[in-house]
Amino acid sequence: MNDNEVYAECLRLLQDGLPEAGPAGADGGLDFLPLGLDVDGDIAVVTFLRLPGTVHGNVPPFIEGWTFHRRDGEWMELGGGGGCAVDEPLARRSAAELGGHLQRYGWGRTVRNANRLLPWGAKWVSQVRLRAAAEVTHLRVGKRLLPVPPHGHTAVVWGARRAPAIEALGADGSVLETLSVDGVLARA
């Protein structure tokens, strides 16, 4: 697999959305699986799981998140990053196993107006990658309601200076946990 294939798949997901069923394994000859997608206006994040033992040898599985900005109707990649995945990354865990209803395992920030002439006035696109417990069916981010896929991996994107509160919701709509990520990104 190369980054061009991943980029093409990210663009397809931004256009078509995530498939209804969560990934169960590699199919279609790809060595990565789409995990999450969040679009907020003209910014987005796409996350995926790279599988072990592919073109890069016997590398353990890891999860990446790429941020995008829509300019003139076209999605432009801003950047991304990733890290090693836990054992059995597609297995859903309970809140007791995760240590809470939401587990934050990745975050980042990329600049969306890098072509500005002066060094000040940067506008950022921030993202956080989360693992939701089995009891969580949706995330509420401001006024947006994001479904949690069967594997529990989600991503949230925002363009404001302050990170939004992320609420984990149960099947009955009750708030199971509220997560603040402002302090994490201030240190990033």
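The values are calculated or read from the model by the stated rules, or taken from the named source; none is laboratory data. Note that the structure is a prediction, hence the values are computed from the model and not measured. Neighbour counts are summed over all protein chains in view; Cβ atoms, including those assigned to glycine, are modelled from backbone coordinates with ideal geometry. Accessible surface areas use protein heavy atoms only, side chains included; no ligands, DNA or RNA. Shrake-Rupley method; radii C 1.70, N 1.55, O 1.52, S 1.80 Å.
Some notes on this structure:
- Basic side chains Lys and Arg get +1 at the Cβ, acidic Asp and Glu get -1 at the Cβ, and with that the dipole of the stretch 116-188 about its Cα centre reaches some 520 debye.
- Sulfur and carbon atoms: percent of accessible area, the chain [1.4 Å]: 52 percent
- Karplus (6.51, -1.76, 1.60) ³J(HN,Hα), θ = phi - 60°, over the stretch 146-157, in Hz, Gly and Pro reported as x: 10, x, 8, x, x, 7, x, 7, 9, 9, 10, 10
- Note on the chain: with a GNM built from Cα contacts shorter than 10 Å, the maximum mean-square fluctuation among Leu102, Leu13, Leu118 falls on Leu118.
- GNM result for the chain, Cα springs below 10 Å: residue of Arg93, Arg116, Arg50 fluctuating most strongly: Arg116
- Placed amide H near Arg112: partners under 5 Å, 5+ positions off or other chain: Lys123, Trp124, Val125
- Normalised per residue, the accessible area of the chain is 52 Å², obtained with a 1.4 Å probe and no contribution from ligands, DNA or RNA.
- Largest GNM mean-square fluctuation among Gly100, Gly121, Gly173, using the chain with Cα springs under 10 Å: Gly121.
- Per-q log10 I(q)/I(0), the chain, q = 0.11 Å⁻¹ (Debye; single scatterer per alpha-carbon; no solvent): -0.48
- Using the Karplus relation 6.51 cos²θ - 1.76 cosθ + 1.60 with θ = phi - 60°, the per-residue 3J(HN,Hα) values for the stretch 64-75 come to 10, x, 10, 9, 9, 9, 8, 10, 6, x, 10, 7 Hz, with x marking Gly and Pro.
- Under 5 Å, built H, 5+ apart or other chain: amide partners of Ala165: Gly142
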